[in-house]
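A short worksheet on the structure shown next.
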Amino acid sequence: MNAAQTPVLECKNVSISYFTRAGAIPAVYDFNLTVMPGEAVGIVGESGCGKSTVALAIMQYMGRNGAITGGEIKFMGRDMRTMSQEELRKIRGSQISMVYQEPMASLNPSLLIRTQLTEVLIVHEGISEDAAYKRAVEVLDAVRLPDPNRIMNSYPHQLSGGQQQRVVIAMALLSNPKLLLLDEPTTALDVTVEAGVVELIKDISKRFGTSMIYISHNLGLILETCNRICVMYSGQAVEVGEVKQVFDHMRHPYTRGLFSSIPLPGADRFSRPLVPIRGQLPLPRDRPKGCTFGPRCDFFEAARCDKPIAMLDIANDPGHQARCVRYNEIDWKRYRPKGLEAEPIIPGPPVLQIRNMKKYYEIRDNSIAAMISGTKSRFVKANEKIDFEAREGETVAIVGESGCGKSTFAKVLMGLEESSGGEVLVNGQEVGHLPVRKRPAGLISSLQIVFQNPFETLNPSHSVGSQIARVLRKFGVAKNRDEAERKTYELLDLVKLPREFADRKPRQLSGGQKQRIGIARAFGGEAAVVIADEPVSALDVSVQAAVTGLLTDIQRKKRTTLVFISHDLSVVRYLADRIVVMYLGRIMEQGTTDEVFSPPYHPYTEALLSAVPIADTSVTKRHIVLKGELPSPMNPPPGCPFQTRCPRKIGAICETEMPPNKDMGNGHMIMCHLPDDVLRAMEPVIKVGRHESEESNIAH
Amino acid sequence: MTVTSVPATEMPKRRPLLLRILKSITLLRESYVGMFGAVLVLFWLVMAVGADLFPLRDPLAQSAPDLLKPALSLAPDGTTYWLGTDDKGRDILSRLIFGSRLVLFWSVLATVVAYAVGMLLGVMAGYRGGWWDEVISFIGNVFLSFPPMVLFLVILTNFGPTSSMGQYIGSLGVGSTVVSGVIIIVAITFGTAPQVARIVRGLVLDLKTRDYIAAAEVRGESPLYIMLVELLPNARGPLIVDACLRLGYVIIAIAVLGFLSLGLPPPEPDWGKMIAEVRGFGAMASNAMIWPAMAISSLVLGLNLLADALREISLRD
C-alpha cells in the first residue's frame, strides 16, 4: 500500500466505558473516525458527549477506571490495543501529542521552559542537550514566539496565557508528530489572543504535514481550522463529513438544532430569536434504546427511530454520513426551527447614568528601592473616564478582554468597591460611594447581578428554594415564610423550572438550570438594573440559547435594564441594544449595536470583530491578527492604551497623547487619533455573502 | 434544558435522613479497613451506652483478698474475674467498660468544644483577613509552638483541681470530676483549636472566592451570616475526617493525663489512670496493665481507620 494512503488514525467501532460503583457506564460507543495524513478533523459536541474521552482513548490514557471495551484504534496501520506499555510510551509525545485546554496546567511551574522542551527530544530521540536546545529554539520560532532564547530561559509564570499555549503547542510539535490532538486549545484565552493561536494551528498542517484532531464546542473555530468535522451527541458520532458539506447541507436534526441555537449574524432577539434544543442530554445510563436524539427530535417516528441506528451514507454526497434513518424524508430546505417572534422592547427614560467614573487601586510597594525613589504607592487605573447611560428596558453590553476593567465596573455598581471619582447614578441616586452594607434594601434589590459560573453561583450546602427564599426575605419582598414560599414558586415559574426544584440541592441541577436559579435570584426583588457578568459563557450552546431567551423574556416583563458584560461579540450582537467597548480601563468606542458592528470602527473594535469565529460558510471576514500581548493594567503604555498593538497606528502622537473622544454621529463615540475621513473610509470586517445552496443558516 | 416544565414523576425523590445515613454506611462497607474501624468504635460506643445493662460488678467495689488476680480467675463467690483484678481487688472488665463511658464522654465533649472554638476563629481569620487574620493566626501559632504535653501540664497544674483556683471552685460545691473534666477540656481546646482554626482558615480562603459568597455580599448579608451559614457548611467534608482523627488524639491525651494523675480524680475508672495505679507492681501487674492499654489502642485504632476510610470515600466520585 502507498504510504500516503495509510490513514494516520483509524477508529473502528470503538466503544469506551468507565467503570464505577454503579456499574459500567458506556461513554462512547460505535465510534468511527479516519484521519488521513495532513488532514484536520474537528470533533464538536456539547459537554458530556464523549469528545474528550475519544481523545484520551486515542492516547491510550484512560485512567484506572476507563477502558476501551470494543473495536480497534489503528495508528499508522497498527492496532494500538496490541502495543505494549513500552511501545505506547515511545509513541506518546513523539508520534502523537496532545495540547490541553489550560496551558498553565500543562507546564510544570517549577522548571524552566528550556528544561521542559529539551526533555522531550532527549527522551524520545536521545540527542545531546545542545542539539535539543537548537531544535527547541527553532520550533519556538516556528510557533511565532518573539525572542525564543528569552522564552527558553523563562519559567511558565513569566509568560502570558497566549505565550504559554504557544509553548505547549511547540512542545507538542517538537518531535514532529504524525498526529496532534488539540482539546479546546483556545478556550482559556482572550479573543484576540485566540485569533493568533488559531492562525498558528491552521498553519501547522500546511507547514509540518501534521494531522490534527481538533476538539471544540465552538463551530466557528472548527470552520476556521478543519477540513472535516465529526458531530458527536451522547457518546456517538451523529454526522461526519467535509466541513462545508456539514455546514451547508446538514443531514442530522441535532446538527440543525446546534446551528439554530448559536447567534450567527442575522439573528435578532426579537424578530428571529435563537431556538434552543428542547429537552436535555440523556445521562449515559438513561440513553434511549434507538436514536439517542429521538426524545428531543421533531421527526421522531415510533416504529423506526427507536431501534439502534447505524451511520448512513448520504446519497450523492460522498464522505458525508449521518446517523438518521429519516434524513432523506426531512425537507431540509424548509425545516428550520423558528422561535416566537416578539415585539421589540422600547427603551424608557435613563435608569443608569455613569459620568466620568474612575476607579483606581492603590498598590503599595514596600521595597527599599521604592522608598528611595519615592514611588512607594502607585495607582492602577482600573476604570478611567467611564461615561455612558442605560435606559429602562435597554440592554447595554460592555465588551472587552481580560484586564479591561469591566468586572471592576460591575463591582463599583454593586457596591463591592467604591468609585474614586465621578458619578454613578441609579434612578438619579448616587451609588458610587455607597458600599453595599450602607445601601437600603430597596436599592440593593434594584441592583442585582447574574454571575458567570453556574457551578459557583449557588451555595452547594443549601436547597435551591431556601436560597431564593432568603433573597426574598432579605429584600423585604416577602414578610413571612408562607409568602416567601409562594413567591419562590412564582420565581421558579418565571425562569421556567418545575416547582419541585425548590427542594433540590444545587448538585442535582444541570449548569443551565443553575444559571436559571441565579437569574431567578437576581430578579427576586424589583430589579431596575441587572448586571449579567458573562452569564452564558460557561454553558453549552443549546443551553445558551435558552438562557438568553429567558433573560430577554424577563426583561420584557419587568422592563429591567440589563448591563451585559461579555467578551463574546456574537452573543453581544444578538442581545445588546448598545455596546461599550473597553480596553485597559477606558472606553474605546460606544454606540448602538449596528453602529459598532459597521464602519467606522475603532481599530480595536475592528480587530475584535475580526477575531470572533463565525460558524457560517457564507461569511467572509477581513483578517486582522493583533501583534503582541495584552499589556498589564498595572503598567499601561503611554498615550493611547491600544498603541502597542494597533495595526493602524499613525505615529508619535499615538505614543504621547491620549486620543480625543470623537462623536461620529448620534452619540457613536470613538476614541482615536485617526482622522475622521480615514475612520469613515473603513471597510466592513464581516461580510455576509449569499449561500450557494438555498438552505442557508441565514433565512433571507 | 427545556422550556416546558419537567413532569413531577421524573423527579428523584429526596431520601429521608435515615436512608441517607444507611447509604453512607453501605459505602463504608466497601472498605474492609473502614468497616473494621467502624466495628471497633461501635463496640466501645455500645459498651459505654449499655454499661448499666450488663451483669457487671461495681467498678469501684474493692475486694481485699483478690489483689492483682490474673484473667479468668475465680472470685470467692464462685463467679469469674474475666479480665482479672487490679491492685485494690477491683474487677478490671467492669472498670474498663464503665471507664469507656468516661473516656468517650469527656473526649467527645473536649473535641466538640475545641472544634467550635477552632472553627469560629478559623472562619473569622479566613473571611475577614487583614488584622483579624494576623492576630488570630499569631495567637494560634504561639499555642502551637508549645509541645502539647507541656501546654497541658502548665494549664492543669495552674488551674486544675489541686491548684488554689481549682480548690476554690471545688469549695463552691462543684464535684471534683466536673472540675477536672472542664479543665481537661480547656487544656485540650488550647492545644487543638489552633490546628482546627488553621485548617478552616485554609478552606475558607478558597471558599470565599466563590460567586455565591459574592452573591450573599451583594444582597447585603451580615458577615456573621456569611461566615456561619454560607461558608462553614461547605467546609464540613474535610472537617469530618479531621474530627475523627482528632478525637483519637484527644483520647490519647486524656489517657496520658490520667497516667500522670492529672486527669479525672480517683476512684473514677479512667483508662490512663488504671495503668498508672498498678505500674508500681512491675511484672506482677502485667495483666492489670495490658487490658486498659489495649482498650485505649483499640478505640484510637478504630477511629483512625474510620477516618482513613472516610477520606477515601470522600475523595471518590
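The values are calculated or read from the model by the stated rules, or taken from the named source; none is laboratory data. Owing to the predicted nature of the structure, the values given are computational and were not obtained by experimental measurement. With ideal geometry, Cβ positions are generated from the backbone for all residues, glycine too; neighbour counts draw on all protein chains shown. The area values use the complete protein model at the heavy-atom level, side chains included, leaving out ligands, DNA and RNA. Shrake-Rupley method; radii C 1.70, N 1.55, O 1.52, S 1.80 Å.
Applying a threshold of 7 Å to beta carbon distances and a minimum spacing of six or more residues, or different chains, the list of pairs starting in the stretch B:206-225 at a residue that is at positive phi and ending at one that is in a loop (DSSP other than H, G, I, E, B) reads B:G220/A:R439. Scanning the stretch B:81-119 for residues that are in a helix (DSSP H, G or I) and over 15 Å from the mean Cα position of the chain (by Cα) turns up B:I92, B:L93, B:S94, B:R95, B:L96, B:I97, B:F98, B:M119.
Selection of the stretch A:313-341 for residues being more than 32 Å from the chain's Cα centre (by Cα) and not in a loop (DSSP other than H, G, I, E, B) yields only A:D313. Residues that are assigned to a helix (DSSP H, G or I), open to solvent by less than 50 Å² (accessible area, probe 1.4 Å) and under 28 Å from A:C226 (Cβ atoms) do occur in the stretch A:611-632. Does A:I449 satisfy the condition of being more than 10 Å from every other protein chain (Cβ to nearest Cβ), buried (at least 20 other Cβ atoms within 10 Å of the Cβ) and not polar (S, T, N, Q)? Taking the combined requirement at face value, the residue does not satisfy it.
Would you pick out the residues in the stretch A:531-545 that are among the hydrophobic types (A, V, I, L, M, F, W, C) and either open to solvent by 20 Å² or more (accessible area, probe 1.4 Å) or assigned to a helix (DSSP H, G or I) (or both)? Within the stretch A:531-545, A:A538, A:V541, A:V543, A:A545 qualify. Is it the case that some residue within the stretch A:369-384 is surrounded by 15 or more Cβ atoms within 10 Å (Cβ to Cβ) and within 12 Å of chain B (Cβ to nearest Cβ)? The answer is no; no qualifying residue exists. Considering A:G50, A:G42, the condition of being touching a helix residue (DSSP H, G or I) at 6+ places or on another chain (Cβ under 7 Å), in contact (Cβ under 8 Å) with a residue 24 or more places away in the chain and either of a type in the set (A, V, I, L, M) or under 25 Å from A:L223 (Cα atoms) (or both) is satisfied by A:G42 alone. Only one entry of B:G37, B:G89, B:G78 meets the criterion of being in contact (Cβ under 8 Å) with a residue 60 or more places away in the chain, small (G, A, S) and away from chain A (no Cβ under 14 Å), and that entry is B:G37. Residues in the stretch A:255-265 include none that are surrounded by 21 or more Cβ atoms within 10 Å (Cβ to Cβ), more than 14 Å from chain B (Cβ to nearest Cβ), of a type in the set (K, R) and in a loop (DSSP other than H, G, I, E, B). Evaluated against (1) in contact (Cβ under 8 Å) with a residue 40 or more places away in the chain; (2) over 29 Å from A:E526 (Cα atoms); (3) open to solvent by less than 30 Å² (accessible area, probe 1.4 Å); (4) among the hydroxyl-bearing types (S, T, Y), A:S566 falls short on exactly one condition, (2). Of all residues in the stretch B:179-237, those satisfying the criterion of being within 13 Å of chain A (Cβ to nearest Cβ) and hydroxyl-bearing (S, T, Y) are B:T209, B:Y212, B:S222, B:Y225.
Return the total of residues in the stretch A:1-24 being among the aliphatic types (A, V, I, L, M) and either more than 17 Å from A:Y61 (Cα to Cα) or touching a Lys or Arg at 6+ places or on another chain (Cβ under 6 Å) (or both).
Total meeting the criteria: 6.
Residues in the stretch A:585-610 that are of a type in the set (S, T, N, Q) and part of a loop (DSSP other than H, G, I, E, B): A:S598 only.
Residues that are at pLDDT 85 or above, away from chain B (no Cβ under 14 Å) and surrounded by fewer than 20 Cβ atoms within 10 Å (Cβ to Cβ) are absent from the stretch A:394-414.
When B:G191, B:G272, B:G263 are screened for being surrounded by 22 or more Cβ atoms within 10 Å (Cβ to Cβ), closer than 30 Å to B:R95 by Cβ, free of Cβ contacts under 8 Å to residues at least 40 places away in the same chain and not polar (S, T, N, Q), only B:G272 passes.
Here is the figure for the stretch B:154-175: residues that are touching a helix residue (DSSP H, G or I) at 6+ places or on another chain (Cβ under 6 Å), open to solvent by 40 Å² or more (accessible area, probe 1.4 Å) and either part of a helix (DSSP H, G or I) or closer than 27 Å to B:M119 by Cβ (or both) total 3.
Criterion first (surrounded by fewer than 17 Cβ atoms within 10 Å (Cβ to Cβ), at pLDDT 90 or above and among the polar types (S, T, N, Q)) does B:S145 satisfy it? So B:S145 passes the test.
Does the stretch B:51-74 hold any residues that are among the polar types (S, T, N, Q) and either in contact with a Cys (Cβ under 6 Å, 6 or more places away or on another chain) or more than 21 Å from B:S100 (Cα to Cα) (or both), and which are they? Listed by number, the residues that qualify are B:S63, B:S73.
Residues in the stretch A:3-24 that are open to solvent by 30 Å² or more (accessible area, probe 1.4 Å) and β-branched (V, I, T): A:T6, A:T20. The set of residues from the stretch A:469-507 being away from chain B (no Cβ under 11 Å), crowded, with 21+ Cβ neighbours inside 10 Å and under 29 Å from the mean Cα position of the chain (by Cα) comprises just one member, A:L491.
Go through (1) within 12 Å of chain B (Cβ to nearest Cβ); (2) open to solvent by 10 Å² or more (accessible area, probe 1.4 Å); (3) assigned to a loop (DSSP other than H, G, I, E, B) one by one and return the number of the condition A:T457 breaks. For A:T457, the exception is condition (2). For the structure I just gave you, tell me whether A:D553 is among the acidic types (D, E), away from chain B (no Cβ under 14 Å) and surrounded by fewer than 20 Cβ atoms within 10 Å (Cβ to Cβ). Judged against the criteria, A:D553 is not a match.
Among the residues of the stretch A:419-440, which ones are more than 14 Å from chain B (Cβ to nearest Cβ), part of a loop (DSSP other than H, G, I, E, B) and either in contact with a strand residue (DSSP E or B) (Cβ under 7 Å, 6 or more places away or on another chain) or surrounded by 14 or more Cβ atoms within 10 Å (Cβ to Cβ) (or both)? If the condition is that a residue be more than 14 Å from chain B (Cβ to nearest Cβ), part of a loop (DSSP other than H, G, I, E, B) and either in contact with a strand residue (DSSP E or B) (Cβ under 7 Å, 6 or more places away or on another chain) or surrounded by 14 or more Cβ atoms within 10 Å (Cβ to Cβ) (or both), then A:S419, A:S420, A:N427, A:G432, A:H433 are the ones that fit.
Quick one: count up the residues across the stretch A:310-359 that are among the polar types (S, T, N, Q), more than 30 Å from A:C404 (Cβ to Cβ) and modelled with pLDDT of 85 or more. So that I can check it myself, show each step before the final result.
Restricting attention to the stretch A:310-359, the residues satisfying the condition of being among the polar types (S, T, N, Q) are A:316, A:321, A:328, A:353, A:356.
Next, only the ones that are more than 30 Å from A:C404 (Cβ to Cβ) stay: A:316, A:321, A:328.
Remaining after also requiring modelled with pLDDT of 85 or more: A:321.
Number satisfying all stated conditions: 1.
Checked against the criterion of being outside any helix (DSSP H, G or I) and open to solvent by 60 Å² or more (accessible area, probe 1.4 Å), the candidates A:R114, A:R81, A:R64, A:R89 yield just one match: A:R64. Of the numbered criteria (1) of a type outside the set (A, V, I, L, M); (2) assigned to a helix (DSSP H, G or I); (3) open to solvent by 40 Å² or more (accessible area, probe 1.4 Å), the one B:G122 fails is (3).
When the criteria are applied in full, A:V536 meets the requirement of being within 12 Å of chain B (Cβ to nearest Cβ), among the β-branched types (V, I, T) and under 25 Å from A:I444 (Cα atoms).
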